[in-house]
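This report concerns only the one structure given below.
The values are calculated or read from the model by the stated rules, or taken from the named source; none is laboratory data. From a predicted model like this one, the values you see are computed outputs, not experimental measurements. Cβ placement follows ideal geometry from the backbone for every residue including glycine, while neighbour counts extend to all protein chains displayed. The area values use the complete protein model at the heavy-atom level, side chains included, leaving out ligands, DNA and RNA. Shrake-Rupley method; radii C 1.70, N 1.55, O 1.52, S 1.80 Å.
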Amino acid sequence: MKILFRECTTAEADIGMRCYLCPAEGTGGHLKTLPEDFVVTEISDPPRAKENGDYTIATVVSRNWETNRLVRIMARSMGMSRERIGFAGTKDKRAVTTQLMSFKCPPEDLAKVDLKDVEIRDAYRGSRAIQIGDLVGNEFEITVKDCTMDPARIPETVSEDISVIKKVGGFPNYFGVQRFGVVRPVTHLVGERLVRGDIEGAVRTYICFTTPEEDETLQEVRRSLEGTTDWGDAAKVMPEPMSFEKTMAQVLAGGGSWIDAIDAMPTNLQMMFVHAYQSYLFNEILSLRIQRGLPINMPVEGDIVIPLDPKGAPQHENPVMTTAKNIDLVARQIRAGRAFVTGALFGSETMLAEGEMGEIERKVVEDNGLKAEDFVIPGLPKCSSKGGRRELMCPVKDIASEFRDDGYTLRFSLPKGNYATCLMREFMKSEMRDY
């Protein structure tokens with residue numbers, strides 16, 4: 001079916017999120033007035049227990065902690081490398097999150113962690129480490145406050161949006177603002193510099209890029225470092241929130257190369273740079289498809305469709321090209337929730353669609369002056385990316401609403417790798433900083 005949509009006029013358009021599925025006016029408001037307004041609980045498939053296993057698996061409940069920083073400080077508390085702590089996905093800082101983590105240490109070492117608003121419980125010895133992406137999905141309970149819409153209109157508007165989402169079967173599966181940075185959307189800019197072979201530019205962008213939304217002290221520090229060559233002095237003026245930037249500066253001050261500075265970052269952050277740029281390109285592809293009136297919940301000829309396995313996980317290794325001969329069968333599989341239409345995550349080995357979707361994907365690639373080989377980053381294998389495909393629509397389960405004088409709460413669950421804020425934006429249509 002052809003989908004009506006509403007154009008996005010906020011800063012989200014700058015990261016490729018140019019459309020809303022729901023055409024109704026937004027309620028406005030913002031998220032995370034308190035961490036308790038954004039509650040996330042992982043739906044996990046935990047490692048099996050193993051007597052004398054090398055890994056300790058535990059449930060970590062944290063309030064107002066960014067995942068990478070939490071891992072770094074827990075590792076410091078236990079006197080071990082941060083690489084010995086595994087987790088399935090990064091979570092929002094301003095939230096209450098419950099997630100499984102693995103620790104390559106005996107369970108008793110967890111007692112060394114004594115951090116404010118962090119609880120570690122239900123520890124057991126496991127057979128393997130937990131890795132990025134190693135989960136089923138997430139349950140959310142999210143409260144919107146300070147809405148700009150007349151409170152009397154909010155229940156009807158939210159109900160209308162829920163009706164659209166249920167009719168379509170989900171919402172546009174954009175990569176949300178957290179992928180790029182809400183206050184300082186820099187990650188994809190660093191990734192673009194890496195892809196274009198400008199490693200120095202990548203390092204300088206990560207250290208110096210700022211926005212008016214960032215803390216004024218940090219803005220001043222970043223601006224003062226533009227064009228610097230004295231990295232020893234640069235490291236000295238960087239405050240604690242710039243800890244990764246300080247590590248880069250210290251590497252350069254010690255005679256390291258630009259490649260060494262990037263390589264000093266945690267593995268997941270190195271991977272995130274180029275992945276964020278691929279995410280930006282995907283958002284542009286998805287927006288173009290919606291703007292052209294093509295459905296996100298049904299195939300057209302040339303679409304590449306990904307089937308789901310019996311557990312509901314996408315089988316990206318088994319793509320199916322939609323043709324005139326199989327389109328009816330593919331459509332039946334999609335209607336049954338057993339497959340999804342996809343868009344390109346462009347990389348060194350990405351399979352592109354054919355037909356009109358292929359035209360869209362090639363247009364975005366060509367408009368950005370890219371080639372597949374650009375995504376092999378010499379000297380930085382952790383930053384290189386083969387690419388792949390991503391589902392254009394994210395399904396929602398068990399969505400329910402509750403209204404109050406100062407806003408409303410939505411409860412729902414999403415598969416892994418999808419962004420709750422991309423569902424919330426359909427209702428709120430607020431400025432990017434409000435998510």
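Structure values in brief
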{"item": "Among the candidates Thr10, Thr41, residue that is surrounded by fewer than 19 Cβ atoms within 10 Å (Cβ to Cβ) and at pLDDT below 95", "result": "Thr10"}
{"item": "Yes/no for Met357 being open to solvent by 50 Å² or more (accessible area, probe 1.4 Å), farther than 30 Å from Met149 by Cα and aliphatic (A, V, I, L, M)", "result": "no"}
{"item": "Close pairs from the range 417-429: first closer than 10 Å to Asp161 by Cβ, partner hydroxyl-bearing (Ser, Thr, Tyr) and assigned to a helix (DSSP H, G or I), Cβ under 8 Å, at least 6 apart", "result": "Phe427/Thr157"}
{"item": "Qualifying residue in the range 179-194 (condition: farther than 24 Å from Thr211 by Cα and touching a Phe, Trp or Tyr at 6+ places or on another chain (Cβ under 6 Å))", "result": "no"}
{"item": "One residue from Tyr435, Tyr419 being within 17 Å of the chain's Cα centre (by Cα), aromatic (Phe, Trp, Tyr) and open to solvent by less than 20 Å² (accessible area, probe 1.4 Å)", "result": "Tyr435"}
{"item": "Filtered residues of the range 74-90 (kept if surrounded by 15 or more Cβ atoms within 10 Å (Cβ to Cβ), touching a residue at least 40 places away in the same chain (Cβ under 8 Å) and out of contact with any Lys or Arg (no Cβ under 6 Å at 6 or more places or on another chain))", "result": "Met74, Gly86, Phe87, Ala88, Gly89, Thr90"}
{"item": "Test: residue in the range 165-174 that is under 30 Å from Arg389 (Cα atoms), in a loop (DSSP other than H, G, I, E, B), open to solvent by less than 20 Å² (accessible area, probe 1.4 Å) and hydrophobic (A, V, I, L, M, F, W, C)", "result": "no"}
{"item": "Number of the exception - Val136 against (1) surrounded by 20 or more Cβ atoms within 10 Å (Cβ to Cβ); (2) within 28 Å of Gly337 (Cβ to Cβ); (3) among the aliphatic types (A, V, I, L, M)", "result": "(1)"}
{"item": "Residue that is modelled with the highest pLDDT, among those in the range 79-99 that are within 25 Å of Val182 (Cα to Cα) and aliphatic (A, V, I, L, M)", "result": "Val96"}
{"item": "Qualifying residues in the range 360-390 (those that are in a loop (DSSP other than H, G, I, E, B) and of a type in the set (Gly, Ala, Ser)) - the one least open to solvent (accessible area, probe 1.4 Å)", "result": "Ser385"}
{"item": "Those strands (runs of 3 or more DSSP E) lying entirely in the range 26-100 with at least 3 residues under 19 Å from the mean Cα position of the chain (by Cα)", "result": "38-43"}
{"item": "Filter pass, Arg335 being in contact (Cβ under 8 Å) with a residue 40 or more places away in the chain, exposed (fewer than 15 other Cβ atoms within 10 Å of the Cβ) and of a type in the set (Lys, Arg)", "result": "no"}
{"item": "Members of the range 281-330 found to be basic (Lys, Arg), in contact with a helix residue (DSSP H, G or I) (Cβ under 9 Å, 6 or more places away or on another chain) and either farther than 19 Å from Phe346 by Cα or at pLDDT below 95 (or both), listed by number", "result": "Arg292"}
{"item": "Identity of the residue in the range 179-221, closer than 16 Å to His275 by Cα and of a type in the set (Lys, Arg), that ends up farthest from the chain's Cα centre (by Cα)", "result": "Arg196"}
{"item": "Identity of the residue in the range 391-416, in a loop (DSSP other than H, G, I, E, B) and not hydrophobic (A, V, I, L, M, F, W, C), that ends up most open to solvent (accessible area, probe 1.4 Å)", "result": "Asp405"}
{"item": "Which numbered condition Phe273 misses (of (1) at pLDDT 95 or above; (2) open to solvent by 50 Å² or more (accessible area, probe 1.4 Å))", "result": "(2)"}
{"item": "Considering residues of the range 187-213 that are out of contact with any Pro (no Cβ under 9 Å at 6 or more places or on another chain) and modelled with pLDDT under 95 only, the residue surrounded by the most Cβ atoms within 10 Å (Cβ to Cβ)", "result": "Glu213"}
{"item": "Cβ-Cβ under 6 Å pairs, at least 6 apart or on other chains, the range 106-127 side open to solvent by 80 Å² or more (accessible area, probe 1.4 Å), far side not in a helix (DSSP H, G or I)", "result": "Glu119/Val61; Arg121/Thr59; Asp122/Thr59"}
